[in-house]
Structures are given as structure tokens and as C-alpha cells.
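Following: one structure in C-alpha cells, then a few remarks.
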Amino acid sequence: MKNNNYDFVIFGAKGDLSRRKLFPALYKLENKKMLYKKTKIIGVGRINWTKNDFSKFVKKSLKKFLIEKINKNTWNNLKNRLTFCNLDICDTKNFYKLKKKIKKNKIIINYFAIPSNLYSKICKGLYKFNLNLKNSRIVLEKPIGNSFSTSKKINKKIGKYFEESQIFRIDHYLGKDTIINLLYLRFTNSIFYNNWNNKSIDHVQITIAEKIGIEGRNEYFNKTGQTKDMFQNHILQILTIITMKEPKKINSKNIRKEKIKILKKLHFIKEKEIHKKTAIGQYSYGKINNIKLSSYNSEILEKKNSNTETFVSIRVDIKNKTWKGVPFYIRTGKRLPKKCSKIVIVFKNTTPKIFDKFSDFINNKLVIYLEPNERIYLKFLNKIPSLNKKCKLKSSKMYFKYSKTFKNKNIPDSYEKLLLECILGDQSLFVHVDEVKYSWKWIDNIINIWKKVSKKSELYLSGTWGPSLSKKIIERDGRKWI
Ligand code: BG6
């Protein structure tokens with residue numbers, strides 16, 4: 001069966017994810033003529049919509065969430081693919097309706113844009129009408145469950161109906177071009193490849209800062225918190241990509257194998273280390289760009305005085321030969337001064353001591369801005385030109401900017417990339433069941449200790465860089481957030 005002979009089925013077509021991410025991504029693929037001519041996009045939902053109602057809904061979503069202007073031709077082509085299937089996923093006998101809409105011998109890409117506790121219901125329905133055979137793939141959104149035990153149950157139930165090779169667990173950070181680039185940056189440049197270890201690296205900092213708050217997702221977020229929403233998945237994925245060994249081959253089996261090895265080697269934080277190595281915070285009122293913002297607790301309408309964290313900072317250690325002794329300081333939070341995802345690799349200062357007298361020595365730093373304003377720079381020392389016998393040095397930056405170097409190239413959207421990879425059947429950029437397992441285990445341990453010691457979220461003003469305790473985690477070790 002050819003990879004291009006496929007239909008898309010979107011469960012949860014009326015939901016937020018479909019509107020914000022999936023429809024715009026499908027539109028962009030359509031615009032680039034990357035969708036197969038005969039592919040249908042089948043929205044599934046309980047609502048009694050006609051094809052026309054669904055089209056109107058998709059168009060409205062595109063108008064709101066697509067940054068570029070809608071091209072008439074592209075829209076008409078996309079519209080012709082759209083169809084709707086009125087189906088209550090809890091009623092498995094109704095899945096015959098979906099079966100009727102799918103042509104034989106086609107690959108079916110079933111996108112589950114719904115909460116993970118409903119995944120097994122859909123799987124059952126698909127199974128009942130033989131829609132789970134080899135030609136069927138399922139795409140699952142994160143978070144899968146909200147702990148190791150719940151995720152295990154969900155993965156087990158799904159595993160009854162689908163093989164691992166049919167399951168595409170999405171983490172949209174893995175589709176970001178600058179994150180994919182990390183592998184190439186590390187493994188194709190000998191200057192980095194040969195120094196990517198504890199002999200050369202002093203420590204690593206990862207910051208994933210968001211300007212937005214919880215944007216009305218009160219119920220979900222209050223149950224989840226930043227640690228489960230961002231750290232368990234996106235951050236641990238970034239961490240594995242920064243630290244994994246080179247895979248034997250560039251394929252999903254080998255890449256994911258190396259990532260799993262890292263997750264298995266994460267140091268489990270002990271109760272006695274919890275205050276030293278972790279900090280949580282919650283945004284209070286404040287200002288960003290002169291706009292007054294209310295506090296988290298006043299946004300959560302029902303459960304005031306919630307302790308849910310909107311910021312988390314953790315020192316992570318990896319217990320293997322390559323990374324022993326290299327701390328990874330990681331922070332992520334909402335309502336911080338700006339949107340900014342960056343990685344800073346701070347190199348050790350191992351230069352000959354006789355040169356120390358020339359100036360304030362710096363550690364070389366490789367700073368990778370993942371988004372926005374994607375760029376990479378290397379901080380280094382250079383002599384200031386002069387005839388003076390007493391030489392002075394200045395730290396400077398070797399600079400690479402995406403927008404300058406790749407002027408005519410847009411950085412693709414992560415959902416666009418991931419949908420395409422799923423069409424191609426390549427799981428390299430998707431999360432393996434064991435990755436889910438080990439990341440939840442590691443996070444559960446921290447969350448359980450927080451519960452045990454009644455760890456409180458420290459309030460921070462909206463528009464600042466999080467709680468003061470986050471600074472202490474790194475400053476205690478004689479270092480600073482960059
Ligand atoms: C999602 C989280 O997975 O990622 C959100 O649920 C978060 O809370 C979002 O805002 C951040 O994604 P991005 O691509 O905007 O950095």
C-alpha cells in the first residue's frame with residue numbers, strides 16, 4: 001500500500017486543538033500541495049453537523065488561527081476533502097457510520113484530539129469494525145494519563161487493539177524544526193560532537209518561558225500544573241535530545257532507543273534534596289507590556305487558594321558516564337516577561353592558567369534560541385586590537401540567525417511536520433511507550449515528595465522570571481541563570 005493513499009479522521013473535530021493546530025496545519029500542507037489528491041478529512045463528533053456545517057467551522061477556525069491570509073484555491077481544495085461523521089465515541093456500535101465513509105485499502109490516520117481517558121473507547125469502536133488493521137494508525141495527544149499508573153492503564157488498553165508500530169504519540173515540541181536541528185548540530189559538527197560531555201561541559205540551562213497564562217483552561221490546568229503539562233513531556237523530550245548518544249542509524253528504532261536510555265538514567269530526586277533541587281511557583285497579579293494581569297487564583301473560579309504550580313524549576317542529573325557531574329538547570333513557567341525557549345551550554349574553563357591574568361575569564365557558552373527569533377551564538381574571548389604590551393580581551397559572539405541565513409525559508413510549523421511524518425509512517429519524532437513510562441515515573445517521584453512535604457508554590461508577580469527559590473537552586477551551586 002502506498003503511503004500517499006490515506007484518509008484523515010479527526011476525533012474531537014470541534015475541540016480547541018483541532019481549531020488552533022490541526023486545521024491550520026492541514027491547510028498549510030494543502031497550500032504546499034503535500035496532501036494526496038484523494039485524501040478525505042473526516043471530522044468526528046457528537047454534534048449533528050452536515051459536511052457544510054463542518055466546512056464553515058473549519059473556515060472560521062482558519063480565519064482566527066491561521067496567521068497568513070487564506071488563499072481561495074487552497075481553501076477550495078481543502079474544503080472538497082472535508083466531510084463529517086456524527087458519532088458518539090462511547091457508542092461503539094455506531095462506528096459502522098465511520099466505516100462507511102472510508103474507502104477500502106486506504107491508510108487511515110485517526111487523530112485523537114480528545115482527553116486520554118477516552119482513547120480506549122475509540123480504539124474499541126475502531127476494532128469492532130475492523131478499522132484497527134495494519135493500515136490504521138492512531139495519533140495520540142499528550143498528556144497520556146496524569147501519572148505513571150494511569151498512563152500505564154491507557155497504554156495497555158490501547159495496546160490491546162493497536163501494535164506499537166501503529167501508535168504515534170505526539171509531543172509537538174518534537175516537530176519544531178529548531179529542536180530537530182539539535183541532533184544535526186550535535187552530531188554533524190565535530191567541534192560540538194567531541195566536546196558534548198562532562199569533560200568539556202560545566203552545566204546546561206534550559207528555559208521554556210511563556211508569556212501567556214492558562215488562557216481559560218482552568219479545569220484542566222488546575223488538575224495538571226506546569227510540571228505535568230510541560231516538564232513530563234516537552235522538557236524531558238528536549239533533555240533526551242540534548243543528551244542522548246548518537247543512534248546507530250537514523251531511524252525511529254535507534255533514535256528512541258537512545259532517548260529511553262537517558263530517561264532510565266535520570267537521577268531520582270530524594271526527599272532530602274527536594275527543596276535544594278526543585279522550586280515551584282504560581283503567578284500572582286502583575287503587568288506584561290504595560291497590561292495589567294490578574295493572579296492565577298483569581299482566574300480559577302471555583303477552587304480559590306489552589307496550590308497548583310504555573311512555574312517549575314528543577315536541577316536534573318543524569319547518572320551515566322557522559323553526564324556524571326553535569327547539572328541541568330531547567331525552568332518553565334507561565335506569565336513570564338516574554339516567550340522564549342532557549343538552551344545554554346556552558347563549557348568548562350580548562351584553558352592554561354598562565355593566560356588568566358589577561359582579563360576576566362569567561363566560560364565559552366553555546367546559546368541556542370529555539371524560538372522566537374531563532375538563533376545560535378557562541379560566546380568566546382578575543383584580543384582587543386592595540387599596540388599596548390598589556391593585552392586586553394573582550395568576550396564576543398559568533399552569531400548565526402535563521403532569518404538572515406535562511407531568508408527565503410519559513411520555519412515549518414510543528415504540527416505540519418508531525419502530520420507529514422505520520423503520513424510517511426515514520427515514528428522517529430513520536431514518543432515510544434517506554435518514554436512515556438520512564439518520564440512519568442521520574443515526575444511521579446517528585447510530585448509525590450512535594451505532596452509528602454506539603455511543598456507550597458511561591459507566588460511571583462506576572463511579568464517576572466518566576467519565584468526567588470528558582471534562582472536559589474542555581475545560585476547555591478555558584479552559578480547564575482543566563
Ligand atoms: C502545550 C501545553 O503542550 O504547550 C500548554 O499544554 C503550553 O500549556 C504549550 O502553553 C506551549 O507550546 P508552544 O509551542 O507555544 O511553546
Checklist entry - Would you call Lys249 more than 16 Å from the ligand (Cβ to nearest atom) and surrounded by 14 or more Cβ atoms within 10 Å (Cβ to Cβ)? => result no
Checklist entry - Quick check, is Tyr119 assigned to a helix (DSSP H, G or I), among the hydroxyl-bearing types (Ser, Thr, Tyr) and crowded, with 20+ Cβ neighbours inside 10 Å? => result yes
Checklist entry - From the residues in the range 105-116 that are among the polar types (S, T, N, Q) and outside any helix (DSSP H, G or I), which one is farthest from Ser151 (Cα to Cα)? => result Asn105
Item to check | Complete set of residues in the range 7-18 that are touching a residue at least 24 places away in the same chain (Cβ under 8 Å) and closer than 16 Å to Pro115 by Cβ | outcome: Ile10, Phe11, Gly12, Ala13, Lys14, Gly15, Leu17, Ser18
Item to check | Selected residue (criterion: farthest from the ligand (Cβ to nearest atom)) from residues of the range 122-134 that are surrounded by fewer than 17 Cβ atoms within 10 Å (Cβ to Cβ) and outside any helix (DSSP H, G or I) | outcome: Asn130
Item to check | Some residue of the range 309-318 being aliphatic (A, V, I, L, M) and at pLDDT below 95 | outcome: no
Next on the checklist: Residue under question is Ile238, and the condition is that it be in contact (Cβ under 8 Å) with a residue 40 or more places away in the chain, surrounded by fewer than 19 Cβ atoms within 10 Å (Cβ to Cβ), within 16 Å of the ligand (Cβ to nearest atom) and among the hydrophobic types (A, V, I, L, M, F, W, C); does it hold?
Outcome noted: no
Item to check | Of all residues in the range 163-216 being aliphatic (A, V, I, L, M) and part of a strand (DSSP E or B), the one that is farthest from the ligand (Cβ to nearest atom) | outcome: Ile201
Checklist entry - Of all residues in the range 46-104, which are within 32 Å of the chain's Cα centre (by Cα), polar (S, T, N, Q) and assigned to a loop (DSSP other than H, G, I, E, B)? => result Asn71
Item to check | Asp477 being under 30 Å from Phe355 (Cα atoms), at pLDDT 95 or above and of a type in the set (Asp, Glu) | outcome: yes
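The values are calculated or read from the model by the stated rules, or taken from the named source; none is laboratory data. Computed from a predicted structure; not experimentally measured. Note: ideal-geometry Cβ built from the backbone for every residue, glycine included; neighbour counts use all protein chains shown.
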